[in-house]
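Below is one structure, written out as structure tokens; comments come after it.
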Amino acid sequence: MLFTPGNTAGLQKNIDHYWVVKDGAVLFDKGQNLVAFPGITPDLILVLDGHYHATYQGKRQKIERSFLYSFIHSRVEVDLSGINSFVLVKFKPKGLSSLLPFVTTKAEALIRNSVLPASAVFGEDIDRLARYIRPLPGPEIATALDEWLQQRYASHREGFMVDLAETVSPTFDLREIRRHTNYSYSTLERYFKKDTGLSPKRFQSLRRCKRAVQEICLSRSTDWLQYVSEYGYFDQPHFIKEIKKYTGVTPAQLLEVPSFVGFRPHS
């Protein structure tokens, strides 16, 4: 079940959707590792019933509590066959700037400790929230999440750089952004790191890669020149090199990887 956040500016600006899963044992194959790749979308996973296994940066762990994936530096492999129900709060694809209005932790700290129990950032209240919403039907879970997140929202922690950059240049052309803002690159970098945790160049390349990877996994198209043109790569070798840089595999090999993208909804 997919729910959009309530009609408040803070929620709608920063949260894309809530994915409520009540039948995980049916949805996910036993023993199958699904892969999630680096991107610019923070995810909060609230485990309601069961557990899952996650392997990240060489460490495999059994997860029974709510976890925050504020930023992933390398691929994450997850086995979700042991989870019966969970909620995934998908923030907007704006790096940490969509998460920061709801937490007091600074971007630089979240980049250093980017995958951790959600209670380390939100406090023990998040575990109480998970217990409270466990028996509720989907619409009531969405309402409870709206209320809980709205209580934590602080407009003064709202970033502005990503929205400004996309307004100036929907293709995220850094030269165009600098021309319109009159910012030097160092100024642009300072604002971007404060808002997103990333430099503008890395944010731009991750944003482009994540969109291309999602389309490859969903469309199954091998027309690589189409991706080169659509996402603004210099040429096909540049496209292949950058996809491999962030995913560890070539675009052709990507089609053989069981990706989490194929399971999670897209609003």
Among residues of segment 17-66, those that are touching a Lys or Arg at 6+ places or on another chain (Cβ under 9 Å), under 19 Å from L129 (Cβ atoms) and open to solvent by 30 Å² or more (accessible area, probe 1.4 Å), counted = 2
Set Y183, Y191, Y132: member being among the hydroxyl-bearing types (S, T, Y), in contact with a helix residue (DSSP H, G or I) (Cβ under 9 Å, 6 or more places away or on another chain) and in a loop (DSSP other than H, G, I, E, B) = Y183
Search segment 54-65 for residues that are of a type in the set (D, E, K, R) and pair each with any residue that is open to solvent by less than 80 Å² (accessible area, probe 1.4 Å) and in a loop (DSSP other than H, G, I, E, B) when their beta-carbon atoms are under 7 Å apart and the residues are at least 6 apart or on different chains.
-> K62/H51; E64/H51
Can you name the residue in segment 226-239 that is touching a helix residue (DSSP H, G or I) at 6+ places or on another chain (Cβ under 6 Å) and part of a helix (DSSP H, G or I) and is also nearest to F192 (Cα to Cα) among such residues?
-> Y231
Hey, T55 closer than 28 Å to Q12 by Cα and either touching a strand residue (DSSP E or B) at 6+ places or on another chain (Cβ under 8 Å) or in a loop (DSSP other than H, G, I, E, B) (or both) or not | no
Considering residues of segment 17-43 that are small (G, A, S) and in contact with a strand residue (DSSP E or B) (Cβ under 8 Å, 6 or more places away or on another chain) only, the residue nearest to D146 (Cα to Cα) = G24
V89 being of a type in the set (V, I, T), more than 18 Å from D195 (Cβ to Cβ) and in contact with an Asp or Glu (Cβ under 8 Å, 6 or more places away or on another chain) = yes
Quick one: which strands (runs of 3 or more DSSP E) lie wholly within segment 65-118 and hold at least 1 residues that are polar (S, T, N, Q)?
-> 83-91
Name the pairs: first residue in segment 202-216 and open to solvent by 10 Å² or more (accessible area, probe 1.4 Å), second residue basic (K, R) and assigned to a helix (DSSP H, G or I), Cβ to Cβ under 7 Å, at least 6 apart or on different chains?
-> none
Every listed condition ((1) surrounded by fewer than 17 Cβ atoms within 10 Å (Cβ to Cβ); (2) modelled with pLDDT of 90 or more; (3) farther than 29 Å from F263 by Cβ) holds for D173 save (2)
Just name the residue that is most open to solvent (accessible area, probe 1.4 Å) out of those in segment 222-246 that are closer than 19 Å to F172 by Cβ and of a type in the set (V, I, T).
-> V228
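Restricting to segment 27-42, give me the number of residues that are touching a residue at least 60 places away in the same chain (Cβ under 8 Å), among the small types (G, A, S) and part of a loop (DSSP other than H, G, I, E, B).
So the answer is 1.
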Can you find even one residue in segment 156-168 that is out of contact with any Ser or Thr (no Cβ under 9 Å at 6 or more places or on another chain), among the aliphatic types (A, V, I, L, M) and either open to solvent by 70 Å² or more (accessible area, probe 1.4 Å) or in contact (Cβ under 8 Å) with a residue 24 or more places away in the chain (or both)?
-> no
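The values are calculated or read from the model by the stated rules, or taken from the named source; none is laboratory data. No experiment lies behind these values; they were computed from the predicted model shown. Glycine gets a Cβ as well: all are built from the backbone with ideal geometry, and neighbour counts include every protein chain shown. With ligands, DNA and RNA removed, areas are computed over all heavy atoms of the protein, side chains included. Shrake-Rupley method; radii C 1.70, N 1.55, O 1.52, S 1.80 Å.
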